[in-house]
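Below is one structure; the comments refer to it alone.
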Amino acid sequence: MEALPILSRNPSRSTDRDWETASAASSLASVAEYTGPKLFKEPSSKSNKPIIHNAISHCCLAGKVNEPHKNSILEELEKCDANHYIIILFRDAGCQFRALYCYYPDTEEIYKLTGTGPKNITKKMIDKLYKYSSDRKQFNLIPAKTMSVSVDALTIHNHLWQPKWPAVPKKTQTRK
């Protein structure tokens, strides 16, 4: 029994103070040395061309049936030098491909590269914004109303789509 150290239930206050001062000193040092990511990140001018390429290939125009149309759209995409692209989708939630647009974030201009749709798109024309999910191969609605480089696709308001010409009724032959 004499060989066992005596454990006290009341630790000395000096060890508590050492722990407190050491903790405070280490936290101050860690703040000064912190080199991790900042809370605010400057938007990069990184291109979303690979994302748009995947969206067209695997979601919008997937399949053998769409191959000629898909290839012509992808050729236009490769020819263009813009950093950011927008896919315009049909007016409903079905996310049907209509056109490919170039987006210039500095001037906030959106111009048609190829496809069916208006020549350019203004803020007032935008209905919904979408982000493409490469792993799910689908577009997800973004709960925002302002255009940014994080947007991969959009829809425009229904009334902006030109209606198709009404079908002309065929003349019926009358028997005599």
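Can you find, within segment 129-158, the residue that is modelled with the lowest pLDDT among those that are open to solvent by 60 Å² or more (accessible area, probe 1.4 Å) and farther than 22 Å from residue 57 by Cα?
158
Consider residue 100 carefully, then state whether it is crowded, with 17+ Cβ neighbours inside 10 Å and among the hydrophobic types (A, V, I, L, M, F, W, C).
Yes.
Filtering segment 60-97 down to residues that are polar (S, T, N, Q) and not in a helix (DSSP H, G or I), which residue is least open to solvent (accessible area, probe 1.4 Å)?
Step by step, filter segment 60-97, then rank; the result is 66.
Residue under question is residue 32, and the condition is that it be at pLDDT 55 or above, surrounded by fewer than 16 Cβ atoms within 10 Å (Cβ to Cβ), of a type in the set (A, V, I, L, M) and not in a helix (DSSP H, G or I); does it hold?
Against the criterion (at pLDDT 55 or above, surrounded by fewer than 16 Cβ atoms within 10 Å (Cβ to Cβ), of a type in the set (A, V, I, L, M) and not in a helix (DSSP H, G or I)), residue 32 does not qualify.
The values are calculated or read from the model by the stated rules, or taken from the named source; none is laboratory data. Since we're looking at a predicted model, the values are computed, not measured. Virtual Cβ from ideal backbone geometry, glycine too; neighbours counted across all protein chains shown. The accessibility values were calculated without ligands, DNA or RNA, using every heavy atom of the protein model including side chains. Shrake-Rupley method; radii C 1.70, N 1.55, O 1.52, S 1.80 Å.
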